[in-house]
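Worksheet for the structure shown next.
The values are calculated or read from the model by the stated rules, or taken from the named source; none is laboratory data. Predicted model only: the values in this text are computed from it and were never measured. So basically every Cβ, Gly included, is an ideal-geometry build from the backbone, and we count neighbours across all protein chains shown. What goes into the accessible areas is simple: the full protein's heavy atoms, side chains included, and nothing from ligands, DNA or RNA. Shrake-Rupley method; radii C 1.70, N 1.55, O 1.52, S 1.80 Å.
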Amino acid sequence: MGTEINQVVFDAENIRKDFPILNEKAYGKPLAYFDNAATSQKPQVVIDCLKDYYSHYNANIHRGVHFLSQKASQAFDDVRIKVQQFINASSEREIIFTRGTTESINLVSATFGRKFIGTGDEIIITAMEHHSNIVPWQMLCEEKQAILKVIPMTDSGELCMDQLEGLITEKTKLISVVHTSNSLGTINPVKEIIRIAHQNSIPVLIDAAQAIAHEHLDVQELDCDFLAFSGHKMFGPTGVGCLYGKLELLEKMPPYQGGGEMIHSVSFEKTTYNEVPFKFEAGTPNIADVIALGAAIDYLNLLDRTAASAHESALMQYASEKLTAIEHVKLIGTASHKTSVVSFIIDGVNALDAGMYLDTMGIAVRTGHHCTEPVMNRLGIPGTIRASFMFYNTFEEIDRLAEGVKKAIGLLRR
Ligand SMILES: Cc1ncc(COP(=O)(O)O)c(C=O)c1O
């Protein structure tokens, strides 16, 4: 079944052919993969790209004069431009390769934080951050005797935007906000947050880990100062991600790690540093995975992203309706602006037990706090069952999920 969106039919069945893993069986049952917020599956072109690199031009980059090194260097450097264009950064120098969102945020806390945040300064985050946008700031605050402030959220999982301006003081040095919540699906009004922050001359970091695969992000249009994301959540390999930073800020920040590649010259008396972005990329980078991230971007560029995103919204809507129609099921995270994440609890059924039962039916969901313990504490629940959709999911798979949930209730409910 295809989704009809303004006469355009999104053909999920056909798209599925690009992702070989979707043909796998789990316990002899067809796999229904609903753990896309944890990591996306990889299209054949990305898998082939990795194989091609290791089979034909594996070499260290930027230092070799030989054929293989030149080829690998070119392929690696091309990806920086692909990422720049993908998020519409004004310069490729604004793109830093990291291991993922977590490292990108840690890089900002270790460098921007080291230089610009001091005793008594304040950092603002939100009540729905992933642990990776909480812990690095807590560590920094502890080291610097700085203060971490939190924008609260409502019961439905929306930010209390009316409280933001009251939290800002002349001591606020950074606002770091998740674009799209991984546990609730809420899409936050980041543009509005950035506007308010900039009125107060405060830079803003956007955690785009969940947003990057689902919507077109334009850093110039958003006017964010930093943007962090992971390759593996956007059809690329694990172990690679990006930090976007405005050039003028990156130029002022000290280096991250020390080592090769990030230096201009080294003597025992003094080391001078390479220019941005290499100043932040010490050591041999993750060459193969960066190149394969480029293949993932090429794949996304060929996709009709508007239709794919409309299909994902339709899946989310369909799953929300099917699940709420089941007695004892309650949706967690019902913001008016949501991505394709459906989190729910079942009265009288432990989330982990339900997840394990669904697994036996070949249905892959995630259970627990989803690395957002403060969200669960705020809502007074230990965790949720989360089904997160990608454009390659189908309505039939959601029917199987709803059937599985009904059976789980029949079997497991106390
Ligand atoms: C909103 C959000 N931020 C950050 C992260 C961390 O990403 P990674 O583990 O790829 O560094 C995740 C991962 O689930 C996430 O969902």
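General remarks:
- When Ala295 is tested against the conditions (1) touching a helix residue (DSSP H, G or I) at 6+ places or on another chain (Cβ under 6 Å); (2) over 18 Å from Glu103 (Cβ atoms); (3) in a loop (DSSP other than H, G, I, E, B); (4) not charged (D, E, K, R), the lone failure is (3).
- All helices (runs of 4 or more DSSP H) inside the range 19-129 with 3 or more residues being modelled with pLDDT of 95 or more, within 16 Å of the ligand (Cβ to nearest atom) and more than 30 Å from Met361 (Cβ to Cβ): 101-116
- Cβ-Cβ distances below 7 Å connect the following pairs, each with a first residue in the range 363-374 that is under 15 Å from Ala351 (Cα atoms), a second residue that is among the acidic types (Asp, Glu) and within 13 Å of the ligand (Cβ to nearest atom), and a separation of six or more residues or different chains: Ala364/Asp35; Val365/Asp35; Arg366/Asp35.
- Scanning the range 18-37 for residues that are surrounded by fewer than 19 Cβ atoms within 10 Å (Cβ to Cβ) and polar (S, T, N, Q) gives a single hit, Asn23.
- Screening Ile212, Ile206, Ile202 for residues that are away from the ligand (no atom under 12 Å from the Cβ) and not in a helix (DSSP H, G or I) leaves exactly one candidate, Ile202.
- Against the list (1) within 16 Å of the ligand (Cβ to nearest atom); (2) on the phi > 0 side of the Ramachandran plot; (3) more than 19 Å from the chain's Cα centre (by Cα), the condition Glu261 fails is (1).
- Annotation: of all residues in the range 398-414 being of a type outside the set (Lys, Arg) and open to solvent by 10 Å² or more (accessible area, probe 1.4 Å), the one that is nearest to Ala213 (Cα to Cα) is Asp399.
- All positions within the range 179-208 that are farther than 23 Å from Leu247 by Cβ and of a type in the set (A, V, I, L, M): Leu184, Ile187, Ile196
- Count - residues of the range 356-383 that are within 14 Å of the ligand (Cβ to nearest atom) and either open to solvent by less than 20 Å² (accessible area, probe 1.4 Å) or not in a loop (DSSP other than H, G, I, E, B) (or both): 7
- Scan of the range 233-246 for residues that are within 9 Å of the ligand (Cβ to nearest atom) and crowded, with 24+ Cβ neighbours inside 10 Å, ordered by number: Lys233, Gly241
- One residue stands out in the range 173-217 among those that are open to solvent by 10 Å² or more (accessible area, probe 1.4 Å) and charged (D, E, K, R): the one that is farthest from Thr339 (Cα to Cα), namely Lys173.
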